[in-house]
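Participant: Shown below is the structure under consideration.
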Amino acid sequence: MKLRRDVFHAIADPTRRSIIALVALQAMTPGAIAENFDSSRQTVSKHIQILTECEILVQEQKGREMYYQLNPMGMKEIADWIEPFRQLWDDRFNKLEAIMKKYQSKQ
C-alpha cells in the first residue's frame, strides 16, 4: 500500500500553492500550468505529482491530453485543521467590534 504524502508539506511550497490557485479556476494540462512559472517543465511536473499524491489535484484523461483539476475533498483536511483558528479569530474580532461600538457610543 502506497503512503499518501502529507498535505501540509505539499502546501508549504509557494509554487504548489500557486498551482492550486491556477487549477482551482479551471482544469489545466501540465504544459498550460508550466507556462505560468519560470521553472522548468520537469520541476513543475514534480510539483503536480506531489499535489496529486496528496489528493489535492486529480487528473483526468481527455483524448490525448491529461488535465489536472482541484479536488475539493483533498482540501478538506486543511480546512478542518484551520477551522478552530478561524473561529477563534472571529470571536476576537467580534469582541473588538463590540468594544469599539461601546467606545464610539460614549463619545
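The values are calculated or read from the model by the stated rules, or taken from the named source; none is laboratory data. Quick caveat: nothing in here was measured; it's all calculated off a predicted structure. Every residue, glycine among them, receives a Cβ derived from its backbone with ideal geometry; neighbour counts consider all protein chains shown.
Participant: Check region 56-67 and report whether any residue there is within 17 Å of Pro14 (Cβ to Cβ) and out of contact with any Gly (no Cβ under 7 Å at 6 or more places or on another chain).
Facilitator: Checking region 56-67: at least one residue is within 17 Å of Pro14 (Cβ to Cβ) and out of contact with any Gly (no Cβ under 7 Å at 6 or more places or on another chain).
Participant: Just checking, does region 49-62 include any residue being more than 25 Å from Ile82 (Cβ to Cβ), among the hydrophobic types (A, V, I, L, M, F, W, C) and modelled with pLDDT of 95 or more?
Facilitator: no
Participant: Could you list, in sequence order, the residues of region 28-51 that are in contact with a strand residue (DSSP E or B) (Cβ under 8 Å, 6 or more places away or on another chain) and closer than 16 Å to Pro14 by Cα?
Facilitator: Ile33, Ile48, Leu51, listed by residue number.
Participant: Which members of region 11-66 meet the condition of being part of a loop (DSSP other than H, G, I, E, B), among the hydrophobic types (A, V, I, L, M, F, W, C) and free of Cβ contacts under 8 Å to residues at least 40 places away in the same chain?
Facilitator: Within region 11-66, Ala12, Phe37 meet the criteria.
Participant: For region 74-86, indicate whether the set of residues that are surrounded by 11 or more Cβ atoms within 10 Å (Cβ to Cβ), in contact with an Asp or Glu (Cβ under 8 Å, 6 or more places away or on another chain) and modelled with pLDDT of 95 or more is non-empty.
Facilitator: No, region 74-86 has no match at all.
Participant: Name the residues in region 38-75 that are within 17 Å of the chain's Cα centre (by Cα) and of a type in the set (A, V, I, L, M, F, W, C), would you?
Facilitator: Val44, Ile48, Ile50, Leu51, Cys54, Ile56, Leu57, Val58, Leu70, Met73, Met75
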